[in-house]
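Peer 1: Encoded as structure tokens, here's the structure I'll be asking about.
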Amino acid sequence: MSAKHIGRQTLALSYPPSFAGHACVVGKKEGQGPLRDSFDSINNDSLFGEKTWEKAESAMVKEAVSLAIAKASLSPGDIDLAFAGDLLSQCSGTSFGIRGTNIPFFGVYGACSTMAESLALAAMSLEGGFAAHALAVTSSHFCSAERQFRLPLEYGGQRPMSAQWTVTGSGAAVLSSSGNGPYITHITPGRIVDWGITDATNMGAAMAPAAYDTLRTHFDDLGLGPGDYDLIVTGDLGAVGTDILRDFFSRDGVDISQRHTDCGLMIFDRDTQDVHAGASGCGCSASVLCGYLLNGMREGRWNRILFAATGALLSPITTLQGESIPSICCAVAISRTLPA
């Protein structure tokens with residue numbers, strides 16, 4: 001087996017790629033939350049000047065990509081590959097947002113884990129020498145997600161307390177084969193985990209087992225523990241999934257609560273913004289990572305972060321058919337400096 005493959009499923013990068021530029025664009029509700037100062041752009045118009053929610057999501061992608069590339073001091077022509085996706089059918093939010101850039105494009109679907117999955121694939125393409133600059137981007141929009149996965153907004157359906165609020169936001173990151181960091185050093189791709197949860201309004205419970213499986217494997221493969229990271233960030237388990245994840249680890253005699261937080265609990269103020277169990281959506285962890293977390297690393301607030309985005313791999317059809325919800329979690333280890 002390759003020396004780059006450690007343990008069951010963790011990948012060690014010999015030439016860790018650097019975050020050359022990153023940006024996030026969000027909507028009005030997100031801009032009213034506790035992370036407001038970390039976003040590059042806040043638009044108070046939920047349609048982003050467009051005629052439909054889906055076009056609004058594409059507009060966010062286009063803006064986030066443009067900002068991230070500019071912050072990397074590059075042009076679209078310098079980007080060799082793009083890995084991107086969203087929650088909409090055929091990843092249309094992303095493909096319509098990136099069209100016109102002429103960047104070679106790989107469409108990716110990992111539900112809310114898409115940002116971590118895109119980063120992993122982009123980092124591997126740089127590690128393999130197939131690109132010098134690669135783009136990872138994803139998005140979600142509350143209104144387009146509600147239309148696709150649940151009910152029309154006009155219906156005004158009652159949301160149970162286990163439900164999470166889909167973030168209107170997009171995050172984009174440019175990885176480069178050289179640079180001053182932060183760097184991606186390790187990747188632990190996830191396995192599909194399904195514990196039989198069928199309630200589509202309780203995503204945290206469905207995704208928590210996948211988060212536990214990937215994090216547990218990452219620690220075992222590398223001989224590490226929660227204390228080896230300054231921050232372990234999942235996304236988006238929300239309040240329900242966070243409690244379940246921490247309980248799983250406590251049964252192993254491991255307390256992750258001092259190092260663990262969840263993007264779904266960070267982007268909104270649950271006491272004042274009526275988001276029930278927290279936030280969800282591809283744009284949630286992407287916006288938190290490409291703003292608050294990476295900015296904090298550049299400022300020296302954290303040296304090592306384990307970013308573990310989670311996704312519920314359901315569709316409206318499988319939910320109506322009574323299927324359970326398979327879930328996934330991809331973990332990406334990020335270091336402010338290169339390993340010694």
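No value in this document is a laboratory result; all are computed from the given coordinates. Computed from a predicted model, the values in this text were never measured in an experiment. All Cβ positions, even for glycine, are placed from backbone atoms using ideal geometry, and neighbour counts span all protein chains on display.
Peer 1: I need to check one value: relative contact order of region 5-176, counting alpha carbon pairs closer than 8 Å and at least 6 residues apart, in percent.
Peer 2: For region 5-176, the relative contact order is 30 percent.
Peer 1: Assuming a viscosity of 1.567 mPa s and a temperature of 4 °C, what translational diffusion coefficient in µm² per second does Stokes-Einstein assign to region 183-335, Rh being the Kirkwood radius over Cα pairs?
Peer 2: 83
Peer 1: Subtract the Cα-Cα distance of residue 159 and residue 106 from 0.36 nm times their separation in residues, and report this length gain in nm to one decimal. Kindly include the intermediate steps, with their values, before the conclusion.
Peer 2: Numbers: separation 53, 0.36 × 53 = 19.08 nm, distance 3.47 nm.
Length difference between fully extended and current span is 15.6 nm.
Peer 1: Antiparallel as a % of all DSSP beta bridges within region 183-335, to the nearest 5?
Peer 2: The antiparallel fraction comes to roughly 65 percent.
Peer 1: How big is the equivalent ellipsoid of region 48-176 along its three axes, where each semi-axis is √(5λ) from the Cα gyration tensor, reported in whole Å from largest to smallest?
Peer 2: 29, 15, 11
Peer 1: Quick check for you: which residues of region 298-340 have the amide N under 15 Å from the point 7 Å beyond the Cα of residue 178 toward its beta carbon?
Peer 2: No residues fall inside that zone.
Peer 1: Which of the cysteines found in the chain have nothing to pair with, since no other Cys Cβ lies under 4.7 Å from theirs?
Peer 2: 91, 112, 143, 263, 282, 284, 329, 330
Peer 1: Projected onto the charge dipole of the chain (+1 at Lys/Arg Cβ, -1 at Asp/Glu Cβ, origin at the Cα centre), which of 42, 206, 254 gives the Cα projection farthest towards the positive end?
Peer 2: Final value for the positive-end residue is 42.
Peer 1: Give the lysines reachable from residue 28 as a straight Cα distance under 29 Å; neighbours fewer than 8 places away on the same chain don't count.
Peer 2: Candidates past the 8-residue exclusion: 51, 55, 62, 71.
Peer 1: Hand me the chymotrypsin sites (Phe, Trp or Tyr not before Pro) from region 35-112 located in a DSSP loop with no more than 11 other Cβ atoms within 10 Å, in residue order please.
Peer 2: none
Peer 1: Also, I was wondering about something else. Could you tell me what percent of the DSSP beta bridges with both partners in the chain are antiparallel, to the nearest 5?
Peer 2: Approximately 65 percent, going by the DSSP bridge assignments.
Peer 1: Which length gain, in nm to one decimal place, applies between residue 3 and residue 220 when the Cα-Cα distance is subtracted from 0.36 nm times their residue separation?
Peer 2: My answer for the length gained is 76.5 nm.
Peer 1: Here's a follow-up. Write down the percent of antiparallel bridges among all DSSP beta bridges whose residues are both part of region 5-176, to the nearest 5.
Peer 2: The antiparallel proportion sits near 60 percent.
Peer 1: Where does the Debye-calculated log10 I(q)/I(0) of the chain sit at q = 0.13 Å⁻¹, using only Cα point scatterers of equal weight, no solvent?
Peer 2: Cα-only, vacuum Debye calculation for the chain: -0.89.
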